[in-house]
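The values are calculated or read from the model by the stated rules, or taken from the named source; none is laboratory data. Bear in mind the structure is a predicted one, so any value in this text is a computation, not a measurement. FYI the Cβ positions are ideal-geometry reconstructions off the backbone, even for glycines, and counts take in every protein chain you see. Remember, those area values only see protein heavy atoms, side chains included, never the ligands or the DNA or RNA. Shrake-Rupley method; radii C 1.70, N 1.55, O 1.52, S 1.80 Å.
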Amino acid sequence: MMPAATSTHRASVFLTTIMLLLCTGFPASESAVSTPPQTLNAAGSIRRPARLQLRGGSQTESVKTGALVYSHPALDGLTAEGEAAWSITTTASRYIEVVDEPRHKTVFLNEYCRAMEARVAEGSGRTQWHRHATDSVYIFLADGGYGSVDAIAGGGGCGNGGEVAMSETAENPVKKWQLMFGHHSTLPKVHAGWCLAGKGMFHCIDLELYAPPPSVQKLPGGVGPRSEVLLDVPERCRVHRVAITQAQGDAPEEAFGMYGLFIAMSDGAFGMSRDGVVTVRQMRVGEVTWLQPCRLALFGDNLEAAVVELTRTSP
């Protein structure tokens, strides 16, 4: 027979273990874990963005802006580390959607995508706490760098399942043409960001991907005579880098089978001939225009552009 003291001790350990599991959450099975987003930098390395699972929060409508403001008790009192430059305690208990964040300006919107131009000047402080909840591709428009403090929710069994485990602060130098993709529809991201000291201006396009386009090319194609694919995310998008060097008379129209967004990566006069209709538009870096299947020719004087081809085929 087991001694009473030993039996009591083992029972106590058993109950303690059960309580810990209830508070921290049982490990998720491999099949239940979504593929984490991958952040690609110029060196080809991968940084895995913070994982966030928030349930049980609430939302109210801001009287001033009409934007939805989200609150979650799990984020109350979250302290951002590594922000000695401001020497403040931050909180992500109230955040807005990225489309309502003042430094993310919507420059294009249709049922298939939304393009936001993000500009954060050096010394201008942090953005508001905001959430990315839609799959997005990020295209950096200039050399620079940004800091980001991410709210990371941990646990799975404590209260509403959204207990904050920690905050993560990162400083990220970036290069023009650097690309990132975030699977935010399955792994939402709540964070605040700022421009790193000595970098002047943080400047990028945040392109949210919505409904599938009416058609998708069965085989990958190029964009003009000088283009290359820099990023291919299956069932989401391809990003093409396009060099435009031909004069108008030297650029014959060719079949173009994509739906997507054309983004100027240099300042200049961009010429397009679409189904025989010629336009010339003076564009600055970050300006966008919509493209869809046609016969297309691009012409200009040593210009660069990014074309984001939408490749989603199912909702």
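Only residues that are under 21 Å from Asp150 (Cβ atoms), among the aliphatic types (A, V, I, L, M) and part of a strand (DSSP E or B): list them for segment 188-208, please. Val190, Ala192, Ile205, Leu207, listed by residue number. Quick check, is Ser167 closer than 24 Å to Ala121 by Cα and modelled with pLDDT under 85? Taking the combined requirement at face value, the residue satisfies it. Considering segment 228-277 alone, what residues qualify as being open to solvent by 60 Å² or more (accessible area, probe 1.4 Å), under 17 Å from Tyr138 (Cα atoms) and in a strand (DSSP E or B)? Scanning segment 228-277 gives Val229, Leu230, Asp232, Arg241.
Restricting attention to segment 283-315 and to residues that are open to solvent by 70 Å² or more (accessible area, probe 1.4 Å) and in contact with a Phe, Trp or Tyr (Cβ under 8 Å, 6 or more places away or on another chain), the residue that is farthest from Asp232 (Cα to Cα) turns out to be Arg295.
Condition check for Thr134 on (1) at pLDDT 90 or above; (2) open to solvent by less than 20 Å² (accessible area, probe 1.4 Å); (3) polar (S, T, N, Q): one failure, at (2).
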